[in-house]
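Below is one structure, written out as structure tokens; the observations come after it.
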Amino acid sequence: VSSQVVAITVLLCFAVSHAPGACTALAVFEAAFTGLFLLLYLLRLDKGLPWLCWPLADIFNSVIAALFLLVVCLFAIIVQTNHGTVAGGV
């Protein structure tokens with residue numbers, strides 16, 4: 001849930017500040033993908049595919065999300081178009 005909150009917060013900061021399209025697109029991607037994992041666990045759909053190692057898939061998702069958001073945040077801080085973009089980067 002905390003990763004979903006962070007992804008949506010970053011998305012809102014970038015969307016409100018009219019950040020470059022790449023920042024907003026990657027934030028949307030991460031929010032959607034993390035939301036799908038959250039929905040999957042809430043509806044207990046992970047029990048339907050027992051052959052897939054769900055904790056490993058969740059760790060993989062978290063690592064990829066952290067890397068993507070790190071790159072986007074560094075880009076947003078370097079560009080500094082306005083205060084909203086810097087807030088999203090931080």
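Brief remarks on what is shown
- Packing-based order for 40-48, 9-17, 57-65, 71-79, using average beta carbon neighbours within 10 Å, highest first: 9-17, 71-79, 57-65, 40-48
- Shape category assigned to the range 29-69 from the gyration tensor of Cα positions, a/c cut at 1.5: oblate
- The sum of -39500 (n - 2.57) across all DSSP H runs of n ≥ 4, divided by the residue count of the chain, sets its helix-only mean residue ellipticity at 222 nm to -26000 deg cm²/dmol.
- Fully extended contour minus Cα-Cα distance, from K47 to V28, at 0.36 nm per residue: 4.1 nm
- Computed with a 1.4 Å probe over protein heavy atoms only, the accessible surface of the chain comes to 65 Å² per residue.
- Within the shell defined by Cβ-Cβ distances under 15 Å, the residues around F60 carry a net charge of -3, with Lys and Arg each +1 and Asp and Glu each -1.
- Solvent-accessible area, 1.4 Å probe, carbon plus sulfur percent, for the chain: 79 percent
The values are calculated or read from the model by the stated rules, or taken from the named source; none is laboratory data. Everything numeric here is computed off the predicted structure, so don't read it as measured data. So basically every Cβ, Gly included, is an ideal-geometry build from the backbone, and we count neighbours across all protein chains shown. The protein model used for the area step is the full one, side chains on, heavy atoms only, and it has no ligands, DNA or RNA in it. Shrake-Rupley method; radii C 1.70, N 1.55, O 1.52, S 1.80 Å.
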